[in-house]
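See below for the structure under consideration.
Laboratory data are not the source of any read-out in this text; all were calculated from the coordinates shown. Worth saying up front: this structure is predicted, and the values here are computed from it rather than measured. Backbone-built Cβ (ideal geometry, glycine too); neighbour counts: all protein chains shown.
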Amino acid sequence: MTPEEFRRAGHQLVDWIAEYVANVESRPVTSDVVPGDVLAALPEAPPDTVDDFASVLADVDSTIVPALTHWQHPSFFGYFPANSSYSSILAELLSAGLGVNGMSWVTSPACTELEIRVVDWLAALLGLPDRFLSTSDGGGVIQGTASEATLVAILSARWRATSGRVNNDGDTTKLVAYITSQAHSSLEKGLRIAGIGTAQTRIVAHDETFAMRPDALAEAVAADRAAGLVPFFVCSSRGTTSSMAFDPTPAIAEIARANGMWLHVDAAMSGIAALAPEYRWVNDGLESADSYCTNPHKWMGINFDCDVYWTADRSALLGALSILPEYLRSAAAAAGAAVDLRDWQIPLGRRFRSLKLWFGLRLDGIDTFQARIRDHVTITAELAAWIADDPRFEIVAPHPLNLVCLRVADRAGGDEATERLIEDANATRRVLFTRTVLDDRPVLRFSVGGAQTQRRHVRAAWELLQSLVAPVPAG
Ligand SMILES: *Cc1c(COP(=O)(O)O)cnc(C)c1O
């Protein structure tokens with residue numbers, strides 16, 4: 001491709017994306033393909049001649065787009081939002097255009113220093129404690145996903161608990177971790193990767209709001225210590241994936257401190273709410289946390305992938321992850337003047353992801369993010385009121401922000417009707433809901449977080465749900 005061809009194709013593609021995002025509402029939310037349809041539409045053999053851009057774009061329209069779930073659709077109420085924005089799409093393009101690898105300071109100084117600056121900015125905008133700033137003993141870094149952040153937290157905790165002697169003469173066989181059944185699956189996966197198996201992971205009981213019970217945590221920790229084991233890691237979720245439950249971080253922090261455990265706080269979805277000062281309660285307890293993460297790539301609209309991980313203890317993180325092969329030595333790093341962010345993450349290579357936050361904060365601005373959060377919280381409260389007014393439905397978990405968990409009330413059919421409702425609603429392709437299970441019963445999750453989602457979309461989706469559940473027989 002010549003520079004001229006790139007210019008032409010690039011303009012065409014930007015036009016295409018603008019059109020796609022602006023009109024995504026006119027499409028069904030989900031596709032109707034069955035497994036293998038897309039494969040069958042693609043030639044088995046790789047191309048032996050080159051195509052022009054127009055024919056590739058035509059295939060995007062005919063083969064790719066019809067087989068998408070449209071995450072940017074305003075009636076996408078499944079999983080969690082994964083919003084994009086024009087500003088961060090542009091930054092993504094610039095990142096690819098610059099084509100730098102920011103594994104070390106010296107491999108592209110701007111890549112490291114812009115990241116340090118924007119991550120500090122985000123900490124200030126979220127109202128995070130000073131112990132997470134780059135000027136403290138801690139600092140923040142962009143990870144691809146919360147799952148990677150979780151693993152980094154676990155490895156830092158493991159390093160600290162074993163005095164850094166893991167894989168040397170350190171002993172991890174006595175380490176025990178504490179989570180609830182509501183914690184994200186990446187906790188179990190991260191623990192497994194770190195060599196902390198199921199037998200060393202305690203599932204702490206939760207209360208009726210699906211939040212960790214600190215008394216149960218204290219009891220489990222005491223029992224493990226009495227048995228000669230070493231409690232080393234506890235995760236407090238602030239906004240669980242299933243039901244957006246908030247573990248009581250301050251009480252968990254006290255137990256963590258008293259027992260020398262690493263406290264990781266996972267607020268991948270809900271932490272972003274703190275951009276609006278009235279929701280700063282999501283940060284409760286962070287002044288005692290060893291690490292914290294939230295995902296600008298969910299509610300905030302900095303397109304995937306962009307998780308930000310902060311730690312108050314840089315030394316444990318560097319102890320766990322630093323590596324210095326000869327070919328990566330630099331005078332700047334050796335003098336302690338430069339930070340090498342490869343030591344803050346699992347992979348070596350790093351993309352220039354901070355451009356996305358920089359563009360987003362400068363081109364969309366904090367007011368845009370705050371307005372979206374406030375809108376969604378307000379609409380969700382209205383939705384909850386509509387549901388409460390219809391005796392055929394019940395709300396099964398607290399809904400302080402932008403997720404409502406509901407089911408069909410028992411007298412209108414209960415669990416079976418709830419399962420059918422989710423299937424029937426999704427079969428219309430006008431909405432997407434996801435299912436979860438809370439205390440052994442199926443639940444419909446109504447997640448309100450799309451960048452284009454407005455009251456009318458939520459209202460229409462609610463009316464659709466109402467139309468799919470039979471009236472309760474009289475008497
Ligand atoms: C979404 C989510 C995760 C996982 O996020 P990824 O960035 O996809 O790894 C973890 N924890 C919570 C609470 C989440 O909402």
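Checked against (1) more than 23 Å from the chain's Cα centre (by Cα); (2) under 17 Å from ALA385 (Cβ atoms), LEU406 meets all criteria but (1). Annotation: LEU93 fulfils all but one of (1) surrounded by fewer than 18 Cβ atoms within 10 Å (Cβ to Cβ); (2) of a type in the set (A, V, I, L, M); (3) under 28 Å from ALA332 (Cα atoms); the unmet one is (3).
Just a yes or no: is a residue in segment 380-394 out of contact with any Gly (no Cβ under 7 Å at 6 or more places or on another chain), of a type in the set (Ser, Thr, Tyr) and under 21 Å from ALA268 (Cα atoms)? The answer is yes; a qualifying residue exists.
Identify all residues within segment 83-130 that are aliphatic (A, V, I, L, M) and touching a strand residue (DSSP E or B) at 6+ places or on another chain (Cβ under 8 Å); write none if there are none. Break it down into steps so the answer makes sense when it comes.
Filtering segment 83-130 for residues aliphatic (A, V, I, L, M) gives 89-91, 93-94, 96, 98, 100, 103, 106, 110, 114, 116, 118-119, 122-126, 128.
Passing the criteria: ILE116, VAL119, LEU122, ALA123, LEU126, LEU128.
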